[in-house]
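One structure is given here, and the rest of the page talks about it.
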Amino acid sequence: MDRKLRYTFLFILLSGVAYGQQSTREKLKKIRVDHFFTCTLDQLMDTLAAAYDIPIVFERDSLMQMDITEHFFDEPLGKVLKFACKANGLQYWIENDGTLYILQNPDDLPRLKKRYELNQTARSFKPVILPPPADPPKHFMFALTGHVTDQKTGESLPGASVRIRGTDLSALTNTSGNFTILNIPSDTSVVDVSFIGYQPDIFRLDSNSVKGNISFSLYPSLNSLSQVVITGRKKGVLNTDSKKVSVIQLTPALLDKLPNIGEKDIMRSFQLMPGVAATNESSSGIYVRGGTPDQNLVTFDGFTIYQVDHLYGFFSAFNSNAVRDVELYKGGFSSKYGGRLSSVTEVRGKDGNKKEANIGGDISLLSTNVYAETPVGSNASALIAIRRSYQGPLYNKLFGQFNSSAANTGGGAIRGGPGGGGGGFGGGGFNNQTTPSSYFYDLNTKFTYAPSTKNTFSWSLYTGADRLDNSREMTLPSFLTSSGGTLNIADDTHYGNLGTSVKWNTTPSQKLFGSTVLSYSSFFSDRDRGTTGTITDSATTTTINNGILENNRLKDAGIKSDWEWNAASKLKLLFGGFNSNVKIDYTYTQNDTTTLINQHNSGSTTGAYTELEYEPNGRWHIQPGFRTTYFSPTNKLYYEPRLSAIYHLTDHINLKGATGRFYQFTDRVIREDVAGGDRNFWVLANNSNIPVGVSDHFIFGTSYETDKLLFDVEGYYKRLNGLTEYSIRQLGGGATGGGPMGGGAPMGGGGAAATTTITENFYNGSGYAKGIEFLLQKKTGIYTGWLSYTLAEAKNKFDAYGSSYFSAAQDIRHEFKSVNMYHLQRWSFAATFIFSTGHPYTAPAGVYNINTLDGNKISYLSVSEKNGERLPAYHRLDLSATYDLLKTDATKIGSISFSLFNVYNHRNTWYNEYYIRGNQVVTTTVKYLGLTPNITLSLKLK
């Protein structure tokens, strides 16, 4: 052993490991020091350790070079320790066994712990961690029901591992932090509890453990990325779950380690994993395994979020400061979930600090984010989080990139790329002559009340909205008109979400747990786009006065009750029921008088589900389920069988598979708008032209996992039916065509319009998505990260487009991602690289003209094969550096993050726009962002 490194320590017998840390912390608060010290720092630590029975570990050679000269007048011991450490640039950390470590850098902890253990072994002195049971066992083969929480905040810890030492009995806490383990050998058993980001702990049961719910509290671990991996859960930003098929778990607390444009972003972080497309910079909605964002169910505390992003997708709708944990089910998901064809994203909000009040927030070049949490009495807690954007240089860059005005001979352009999402994207061409104004905000609040250990009530509220005002005045250039002209363009878009829920969690018996949620969600989208003014050409003055009003409303009220019954030690029954009532309104009015679309639909879904979690032996985990739904507009029952299974071939190799049927009753379809940009709106399936969507999933994979590495492969095939696309055609002057593959928007003309016929077309079709995903992940150490590759194909077939399959708009054939994170003391560095083949799009084939009855000529674009072309390949590199801000006791109170988005300034193609100039098609390529820097400061009081 290195003779230069020597330790001093004093070990006291502990009644339990959990008591050790609490005892040391209590001593720091209660012991008073009235003494004058003038000595080296190592002598001070020796004195405190011996005088107050506190095991203190430090590197003597370093501390003996530091001095302290100070008189403490009846000061708490903790204040003395903080003063000594702060004056010398040190931190201290208390482990769960009560040992106090003096650190020069946070990364010193693993090294000091290891050498401390070696020192004790060399002295042939083994500390007593747990004493023998105080009394003989009194109860045998009983059920243990409990709850795992954060020691500092009282927050529940879902997914924590609870194991009975010396047996194969174990459980993971559910979404509310509760667990049940049957057939406990005796009431003197030892329980091992662990969770990602927390210090593992052990607890001795006693006769009181049988009487009711027991609570286990864990202390957070030091903010170091080199901690030991917990069995069944990994320590990282994004992880897979070895007991679930196609599931990704996310740790919001570590999101600041990844590069970002705006701030810590939940939805965008998922895009770094295989099977989730990462090339759509203009949307936080996720495309999972060839699915579209509306095929991904997104819930927050039990209510549905219908618009998942702000500011063209550069922010997700979720404030990470209000989020506790997130899981993404990429396919083959449990019968507990339904109503979507592709995937499920379940977001659970924080309850708020139950131990002490705390405030914090983030500020970046784009937004400000503030939150506060506090206990309310002894049984309740509250949390509020508010986020709002502000217009600065970076915000204006984003807004200007996606809101440029255009003037052309016909006032219209057709896009050859993906359709627009929630905001009004203008065409490309001439610069705005006034600065657009816009903002977004969101608010989260939650109140939680636990009148007893068996019942918890919570109320959660989310509201958020975007206001995008791109109204401006445009002066037409002289090359378009002989005398010019001025147009006043109104373009005001307002959209957002409101969601709220009341949840009741109950444990009526040791084997039964229930969660019932009353929920309400609403979505709105309003757009007012119009043009007024005059154009003078060859002494002829034309007055322009046209526009559109578009309104989409969705309201969703429902109830859902989920129950878990632990029937036996290896058998759990999940069951529940649900009801949802949806009302959707969509109107599209032209020139204030002509209503082109006027839809008002409502319907309800009612049903039930059941599912078994069965482990016949130590190798199999089988999960069959069944879900049935009644949908009122069609007056039919829909049956959804589900099955997933995992087989542990060895301790390191797993085989896994899943299959199931999934229905979707509420869809978001794209309305073709060649003049103002494609728009999305929500519709409800009916019994005629909008069918109920249906998908069958088939998934198979294998994984090899050790403490340090994970190699995972999953293949999937999805069969889809009941897909819907929508277009509206305005045919005039005796024009024919206007079908899905012919016709287009009028691109030229003027003067009086001919008689116009409005046709609405819902096109129905089928499709499939298939692929294989590879993931290689390094889970521990100062360097962590992963490589992933996805080979995929997504194709659709609509009779209106022909008898052959064509590439879906979201089809990406090859996608490679590299995520690299390096931890150096307080610094965390990250680099992410993404490469994928381009999206398919439909290109124009030519131009044709139609003469109207008044002698004018209107030009139309004819289009080529549906999605027959592809945009160029997409690739970018992002970098970030994060510096953690620590208190003297090594508690993290914030961070400063620097990020560079698209480091080598490769501006990827978003979409193409097409104009007619002299009977020729002119193409304008609209690009995504180039090099974009950002800086974010995050702080919290405690």
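The values are calculated or read from the model by the stated rules, or taken from the named source; none is laboratory data. All values derive from a computational prediction rather than experimental measurement. Cβ placement follows ideal geometry from the backbone for every residue including glycine, while neighbour counts extend to all protein chains displayed. Surface accessibility is based on the protein's heavy atoms, side chains included, excluding ligands, DNA and RNA. Shrake-Rupley method; radii C 1.70, N 1.55, O 1.52, S 1.80 Å.
What the table below lists for this structure:
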{"read-out": "Accessible-area composition of region 63-197, carbon plus sulfur, in percent [1.4 Å probe]", "value": "54"}
{"read-out": "Contour excess over end-to-end distance, with Cα ends at Leu939 and Thr175 and 0.36 nm allotted per residue", "value": "272.3 nm"}
{"read-out": "Calculated FRET value between Lys114 and Met141, using beta carbons and R₀ = 56 Å, to 0.05", "value": "0.90"}
{"read-out": "Residues of type lysines that Lys29 reaches as a straight line, Cα spacing below 23 Å, ignoring anything fewer than 8 places off in the same chain", "value": "Lys79, Lys82, Lys86, Lys152, Lys354, Lys355, Lys887, Lys892, Lys940, Lys942"}
{"read-out": "Flagged links, alpha-carbon separation over 26 Å, of Lys797/Lys927; Lys503/Lys572; Lys244/Lys454; Lys656/Lys778", "value": "Lys797/Lys927; Lys244/Lys454"}
{"read-out": "Local electrostatic count, Val582, Cβ distance below 12 Å [Lys/Arg +1, Asp/Glu -1]", "value": "0"}
{"read-out": "Residue-level accessible surface for Ile31, protein heavy atoms, 1.4 Å, Å²", "value": "40"}
{"read-out": "By accessible area with a 1.4 Å probe, ligands and nucleic acids excluded, highest first: order of Ile359, Ile214, Ile248", "value": "Ile359, Ile214, Ile248"}
{"read-out": "Accessible-area ranking of Thr924, Thr909, Thr493, largest first, probe 1.4 Å", "value": "Thr924, Thr909, Thr493"}
{"read-out": "Cβ charges +1 (Lys, Arg) and -1 (Asp, Glu), total dipole of region 753-844, debye", "value": "520"}
{"read-out": "Pairwise label distance in nanometres, Tyr904 with His600, each label 7 Å out on the Cα-Cβ vector", "value": "5.7"}
{"read-out": "Whole-number accessible area per residue in Å² for region 618-719, which is evaluated in the context of all protein chains at 1.4 Å", "value": "42"}
{"read-out": "Residue order for Lys454, Lys79, Lys656 - accessible surface, 1.4 angstrom probe, largest first", "value": "Lys79, Lys454, Lys656"}
{"read-out": "Distance between modelled label sites at Ser452 and Ile31, nm, 7 Å Cα→Cβ extension", "value": "4.3"}
{"read-out": "Projected label distance in nm at Ile363 and Phe774, using a 7 Å step from Cα toward the beta-carbon", "value": "4.7"}
{"read-out": "Accessible-area value, Arg111, 1.4 Å probe, nucleic acids and ligands omitted, Å²", "value": "80"}
{"read-out": "Full-stretch length increase - Asn546, Glu356 - with 0.36 nm per residue and alpha-carbon distance subtracted", "value": "62.6 nm"}
{"read-out": "Cβ-derived FRET efficiency at R0 56 Å, Asn687 paired with Asp192, nearest 0.05", "value": "0.50"}
{"read-out": "Over region 603-698, volume per residue of the alpha carbon convex hull, in Å³", "value": "128"}
{"read-out": "In Å², nearest 10: area of Arg115 left accessible to a 1.4 Å probe", "value": "80"}
{"read-out": "Other-chain or far-sequence residues with amide H under 5 Å of Arg324's (modelled H)", "value": "Arg348, Gly349, Lys350"}
{"read-out": "Proximal lysines to Lys138, defined as alpha-carbon separation beneath 19 angstrom and excluding residues fewer than eight positions away on the same chain", "value": "Lys211"}
